[in-house]
Structures are given as structure tokens and as C-alpha cells.
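The values are calculated or read from the model by the stated rules, or taken from the named source; none is laboratory data. Since the model is a prediction, treat every value here as computed from it, not as a measurement. Virtual Cβ from ideal backbone geometry, glycine too; neighbours counted across all protein chains shown.
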Amino acid sequence: MNISQAVAIRIKELLLENNLTQYRLEQKACLSHDTVKSIMKGKAKGVNLKTLVAIADGFGITVSEFLNSDLFLYDNLNMD
């Protein structure tokens, strides 16, 4: 999987864990619906650090905590 797909899966995991909707995350992260929708639908070519920081902040966690998942292990990512 690519990084954008891993981010989308991680967001889904955290939405379930925190009992949040995508809409509520968008509000808490101060991100547009189109930005989050693009990530979640796999249409984003990549996710920049600014967006990743906003997403993590929306969940009330650090970027390190967001990335603390086997999804982001080098062997699990297609780096092309």
C-alpha cells in the first residue's frame, strides 16, 4: 500500500476508537471536507506534513502517536 492508503486506514481506525465521524474530525482538524474525502477515497497522491499534523491534532494526539502503527513500517509501504 502507499502512504496515502496507510493514512486513510489509520484515520478509519482512530475514528472507530474515538467514536468520531469524519465530519467531526474535519471540524476538529480545521480541514476541508474535500481534503479528508480525497485521502479517504484514495484520490490523494500524498499527504503532506501540515495535513498530517492537523489530522493528529484533530484526534488529540501527536504525529508520532498517529504514525505508531504497523501500517507505516517500511516493509508494509510501497515507496514508489
- Query: Which members of segment 55-80 meet the condition of being closer than 15 Å to Leu20 by Cβ and either among the aliphatic types (A, V, I, L, M) or surrounded by 15 or more Cβ atoms within 10 Å (Cβ to Cβ) (or both)?
  - Reply: Ile55, Ala56, Asp57, Gly58, Phe59, Ile61, Phe66
- Query: Looking only at residues in segment 1-48 that are assigned to a helix (DSSP H, G or I) and of a type in the set (S, T, N, Q), which one is nearest to Gly60 (Cα to Cα)?
  - Reply: Gln27
- Checked segment 60-76 for anything at pLDDT 95 or above, in a helix (DSSP H, G or I) and under 14 Å from Ala8 (Cα atoms); matches are Phe66, Leu67, Asp70, Leu71
- Counting only residues that are among the small types (Gly, Ala, Ser) and more than 14 Å from Ile11 (Cβ to Cβ), segment 31-45 contains a total of 1
- Kindly list the number of the only condition in (1) within 11 Å of the chain's Cα centre (by Cα); (2) loosely packed, with under 13 Cβ neighbours inside 10 Å; (3) at pLDDT below 95 that fails for Val47. (2)
